[in-house]
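The values are calculated or read from the model by the stated rules, or taken from the named source; none is laboratory data. All of these numbers come straight from a predicted model, not from anything done at the bench. Neighbour counts are summed over all protein chains in view; Cβ atoms, including those assigned to glycine, are modelled from backbone coordinates with ideal geometry.
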């Protein structure tokens with residue numbers, strides 16, 4: 001029996017903050033948790049190609065603030081902000097509360113494990129060779145400034161009759177070190193032969209003792225771009 005721990009959950013509350021930031025009583029907590037799940041699922045399903053690694057949610061008494069981190073924010077915003085207005089209306093109908101959407105651009109999608117996993121899954125769906133796909137993903141991530149990456153595929157790889165696991169690793173990925181800035185992503189590639197599970201671990205350096213941001217891939221050799229924030 002495996003003794004695996006989610007690297008993000010392992011560090012939440014110790015080295016990193018929560019993705020949902022709000023307080024509720026015991027009676028309301030479960031309903032609001034389900035609401036958060038519905039919001040995240042709806043946004044991810046509607047904007048599959050926007051490159052959303054994660055979504056943060058903050059709540060006040062009057063409204064729900066949804067912060068979307070996206071590598072292609074233009075897809076969510078649309079022409080003259082029409083798409084983001086439509087998304088706001090859809091979410092308000094879904095949860096029955098006032099929604100405030102804020103969009104932040106992800107400058108380097110290669111160092112976000114969820115985006116790397118989704119990119120690999122998309123290529124596997126197009127019948128790309130899985131070993132070549134894994135190698136390309138690792139090379140692009142290491143070139144972006146990451147300290148290490150591990151990729152694991154599980155399923156009927158290459159159309160084989162029997163399911164198996166294939167793993168590739170580059171650099172160092174210390175999963176048990178709390179100070180290590182490990183990002184984790186998971187998705188499924190829906191192929192004709194069956195679903196293939198894609199897991200990605202990326203080491204972006206270490207956290208500093210005084211705060212969340214440390215020597216990570218953002219300060220590497222790769223060219224930097226200024227972050228853009230779009231707020232309604």
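Given the range 49-139, what helices (runs of 4 or more DSSP H) lie entirely inside it while holding 3 or more residues that are assigned by TED's automatic domain parsing to the domain that holds residue 31 and either surrounded by 14 or more Cβ atoms within 10 Å (Cβ to Cβ) or over 17 Å from the mean Cα position of the chain (by Cα) (or both)?
Details: elements: 73-77, 82-95, 113-125.
Helices (runs of 4 or more DSSP H) meeting the threshold: 73-77, 82-95.
Could you list all residues from the range 140-156 that are surrounded by fewer than 17 Cβ atoms within 10 Å (Cβ to Cβ) and either assigned by TED's automatic domain parsing to the domain that holds residue 49 or assigned to a helix (DSSP H, G or I) (or both)?
Those that are surrounded by fewer than 17 Cβ atoms within 10 Å (Cβ to Cβ) and either assigned by TED's automatic domain parsing to the domain that holds residue 49 or assigned to a helix (DSSP H, G or I) (or both): 140, 143.
Among the residues in the range 205-212, are any assigned to a strand (DSSP E or B) and in contact with a helix residue (DSSP H, G or I) (Cβ under 9 Å, 6 or more places away or on another chain)? I'd like the intermediate steps shown before the answer.
Residues of the range 205-212 assigned to a strand (DSSP E or B): 205-206.
Of the ones still in play, those that are also in contact with a helix residue (DSSP H, G or I) (Cβ under 9 Å, 6 or more places away or on another chain) are 205.
Scanning the range 205-212, I find at least one residue that is assigned to a strand (DSSP E or B) and in contact with a helix residue (DSSP H, G or I) (Cβ under 9 Å, 6 or more places away or on another chain), so the answer is yes.
So is residue 44 part of a helix (DSSP H, G or I), over 19 Å from the mean Cα position of the chain (by Cα) and either more than 25 Å from residue 108 (Cα to Cα) or not assigned by TED's automatic domain parsing to the domain that holds residue 208 (or both) or not? It would help to see each step written out before you state the result.
Numbers: part of a helix (DSSP H, G or I): yes; over 19 Å from the mean Cα position of the chain (by Cα): no; either more than 25 Å from residue 108 (Cα to Cα) or not assigned by TED's automatic domain parsing to the domain that holds residue 208 (or both): yes.
So residue 44 fails the test.
Restricted to the range 157-190, and to residues that are in contact (Cβ under 8 Å) with a residue 60 or more places away in the chain and assigned to a loop (DSSP other than H, G, I, E, B), which residue is nearest to residue 205 (Cα to Cα)?
179
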